[in-house]
Amino acid sequence: MKQVISYWAPQIPDYLPESVRYSAKLVALKTALEEIHFPKSQHRLKKARERLAFDEIFFLQMGVLRQKRDWQSITARIFNISEAWMQKRKAALPFTLTHSQEKALSDIGRRPRLRPPDEPLIARGCWLGENRCRRHRV
């Protein structure tokens, strides 16, 4: 195992610039990979864990940002819903809508033709039932 780590760790490029590593007090990726497997001290093991934890969170954040950018770049489909259709659906519910739920439905009717997909739909899921709406009051 030591031979594998010694051979491959130096060949993995470190994507973090030295200035970022320095300001964040992180070790180089090569060092972190070597020390996580064969630490020379508890302090070096801790520094290796910090670097790898930083990498994990950094890549997770980058993935979330990429997903956000992707879904913000598309336009969601808007359905035309008549007032009669909406009233029929509301009458079929086994509960009475709360004021917040009624407000959410009226807000939906006033929305522009196109909207970004991250805009909350029907008051964060209040359409699904009164109990769920109480947990997610807007």
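The values are calculated or read from the model by the stated rules, or taken from the named source; none is laboratory data. Predicted model only: the values in this text are computed from it and were never measured. Positions of Cβ are backbone-derived with ideal geometry, glycine not excepted, and every protein chain shown enters the neighbour counts.
When Arg77 is tested against the conditions (1) farther than 15 Å from Pro10 by Cβ; (2) in the same structural domain as Ser6 (by TED's automatic domain parsing); (3) of a type outside the set (S, T, N, Q); (4) not in a helix (DSSP H, G or I), the lone failure is (2).
Checking every residue in the stretch 84-92 against the condition of being surrounded by 14 or more Cβ atoms within 10 Å (Cβ to Cβ) and at pLDDT 80 or above gives at least one match.
What are the pairs with Cβ atoms under 8 angstrom where one residue, in the stretch 100-113, is within 19 Å of Ile78 (Cβ to Cβ) and the other, located anywhere, is modelled with pLDDT of 65 or more and in a helix (DSSP H, G or I)? Sequence gap at least six, or different chains. Taking only residues 6 or more apart or on different chains, the pairs are Leu105/Met86; Leu105/Lys90; Gly109/Glu83; Gly109/Met86.
Quick one: would you say Ala123 is at pLDDT 85 or above, under 28 Å from Gln67 (Cα atoms) and not assigned by TED's automatic domain parsing to the domain that holds Gln67? Write out each step before concluding.
Numbers: at pLDDT 85 or above: no; under 28 Å from Gln67 (Cα atoms): yes; not assigned by TED's automatic domain parsing to the domain that holds Gln67: yes.
Criteria not met by Ala123.
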